[in-house]
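The values are calculated or read from the model by the stated rules, or taken from the named source; none is laboratory data. The shown structure was predicted, so the numbers you read here are calculated from the model rather than taken from an experiment. Using ideal geometry, Cβ is built from the backbone for each residue, glycine included, and neighbour counts are taken over all protein chains shown.
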Amino acid sequence: MNDPVQSTQILVIDDERDIREGCERILSRMECKVFIAANGMEGLEIINREPISIVLCDIKMPGIDGIEVLSRIRESKKEILVIMITGFATVETAIEAMKRGAYDFVSKPFTPDQLRIVVKRAIEKLRLIQETEALRIERERNLADLGMEQSRIRTIIETLPNGVLVTNMTGQVVLLNPVAIKYLGIDVSRKTGEQIGTYLQDKGLCDYIMAISQGAYRITDDIPSYELVLPEERYVLVQGRPVPGAGNECLGAVVNLADITAMKVFDRLKSEFVAKVSHELRSPLSTIHEQLAMVIQENAIGYSEDSQYMLGRAKEKTQGLIALIGDLLDLSRIEAGNVGQNPVPVQVDDIVERVVEFLKVQAQRKEQQLVYKPSAVLVAPILADAMAIESIFGNIITNAIKYTPDKGKIIVTVEALARCVSISVEDTGFGMEKKHLPRIFEKFYRVKDENTRFITGTGLGLPIVKSLVEALNGTISVESELGKGTIFTVTVPYP
């Protein structure tokens, strides 16, 4: 914005030459652009062609007097500030001019200082008017932008393919898009503003959203999801996040609802396909494996060394395929939720000890020490499927035996803690580089190096272990150092 003092254009209308020229000299020194007129008509002509901001007009002039000039200016140029110059007129005339819209008046004879004061006051008035107008325009622009932005956001939210629900910190619903209304079975005429519990029939989902809304989780936390089952075998995955404030306080929750029915159907079809194919393959492969074993046993002397090697490799590969089919079947049962559905109280330490005793035969073949260290204090029972516990530690200890060189050592330790039982399997095996640790629980992922490339495996053992541990609400962690060994630790909570 230009400074009004620097850009103000002033018109002086007075029939006295000395007044006109005197005002021109004084105002020019104030860095204003000054125009002069000897009568009202001449002044109005200048106003029509120049961007005049302030007019100094004598009241008593021949022809059109100052009051008439003021009236015409107010009709067509209301933004111009008019200062009346009074001389022979009375005070009443000056007051009448003010009533008609004059900004101020100055009486003849006036000093240069008096003129400067009146004009500076008018210039300041112009400055305030300009700033007020600029603020008004900016405010209107901001309001227009805000309104447009809100409209855009609402349009985007309402056309999202997923449901969106937003609550405040007290659990009141502040936003619902049409997809969320459809998924949650809410009447389309329902308005927002009520507690979340009045919109939802599923208590578990209500508790889940309330916990997030009231700050049970931070924005950086790994927040669990919630699976909502709808009529007609439809499934919705609900994922909530807290809305952080300026001080990282929780202001509420934003909840995303995604239809995962197609994924559920695909997973079921995949599991059924894997189970069917595996069942169809296992029987003939078992027959081939047994026949190969019989051929090798009955004709070992008659075959050449190369033939014996080839038959041995064929037997080994069929055994690997049978193991892979077994792991695929186990994994499909776990993913279908058919494992651990009816947990019972079990002594996990007794099961682990039996697994260790059973696998000692394998360890002895490699002249390894397989040591079981029981808990120093009594281990409380846990709720689990005994076969799942056997599968977890059978896999982990078998891996330790396979990936530990001959004459190595494996220690299985059980420790009873305050709220859980912890079982660790530590070996003096080949170990792994740090880069492999984040991926060892992925399906079919295997560490391949000079030490392990001849060791057979399906790459499904550890994914099965992780799925079974998570089904028990437990955790599994791994520590490893290349050339020194690996430690797997499974923690299972008490009921």
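The figures follow:
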{"item": "Failed condition for Thr404, given (1) of a type outside the set (Gly, Ala, Ser); (2) in a helix (DSSP H, G or I); (3) closer than 13 Å to Phe488 by Cβ", "result": "(2)"}
{"item": "Residue within the range 379-389 that is under 15 Å from Leu472 (Cα atoms) and not aliphatic (A, V, I, L, M) present", "result": "yes"}
{"item": "Test: residue in the range 423-437 that is modelled with pLDDT of 90 or more, closer than 21 Å to Glu481 by Cβ and of a type in the set (Asp, Glu)", "result": "yes"}
{"item": "Check on Ser53, in contact with a Ser or Thr (Cβ under 8 Å, 6 or more places away or on another chain) and closer than 20 Å to Arg116 by Cβ", "result": "yes"}
{"item": "Single residue of the range 330-365 satisfying the filter (touching a helix residue (DSSP H, G or I) at 6+ places or on another chain (Cβ under 7 Å) and not in a helix (DSSP H, G or I)) that is modelled with the highest pLDDT", "result": "Val346"}
{"item": "Any hit, the range 160-169, residues being within 18 Å of the chain's Cα centre (by Cα), surrounded by 10 or more Cβ atoms within 10 Å (Cβ to Cβ) and at pLDDT below 85", "result": "yes"}
{"item": "Among the candidates Pro231, Pro224, Pro242, residue that is within 11 Å of the chain's Cα centre (by Cα) and not basic (Lys, Arg)", "result": "Pro242"}
{"item": "Failed item in (1) over 17 Å from Thr489 (Cβ atoms); (2) touching a helix residue (DSSP H, G or I) at 6+ places or on another chain (Cβ under 7 Å); (3) surrounded by fewer than 19 Cβ atoms within 10 Å (Cβ to Cβ), with Phe444 passing the rest", "result": "(2)"}
{"item": "Set Glu24, Glu31, Glu75: member being more than 60 Å from the chain's Cα centre (by Cα) and either crowded, with 18+ Cβ neighbours inside 10 Å or in the same structural domain as Leu126 (by TED's automatic domain parsing) (or both)", "result": "Glu24"}
{"item": "Pair list, Cβ under 8 Å, 6 or more apart: the range 378-393 residue more than 13 Å from Pro345 (Cα to Cα), other residue modelled with pLDDT of 90 or more and of a type in the set (Lys, Arg)", "result": "Glu390/Arg354"}
{"item": "Of all residues in the range 88-127 being part of a loop (DSSP other than H, G, I, E, B) and at pLDDT 80 or above, the one that is surrounded by the fewest Cβ atoms within 10 Å (Cβ to Cβ)", "result": "Pro109"}
{"item": "Candidates Gly240, Gly247, Gly215, Gly252 - the one that is part of a loop (DSSP other than H, G, I, E, B), closer than 19 Å to Leu165 by Cβ and not hydrophobic (A, V, I, L, M, F, W, C)", "result": "Gly215"}
{"item": "Odd one out for Arg152, checked against (1) assigned by TED's automatic domain parsing to the domain that holds Val236; (2) within 22 Å of the chain's Cα centre (by Cα); (3) surrounded by fewer than 14 Cβ atoms within 10 Å (Cβ to Cβ); (4) assigned to a helix (DSSP H, G or I)", "result": "(1)"}
{"item": "Any hit, the range 213-222, residues being modelled with pLDDT of 85 or more and under 26 Å from Thr155 (Cα atoms)", "result": "yes"}
{"item": "Filter result (basic (Lys, Arg), without any contact (Cβ under 8 Å) to a residue 12 or more places away in the chain and closer than 22 Å to Lys125 by Cα) within the range 26-61", "result": "Arg29"}
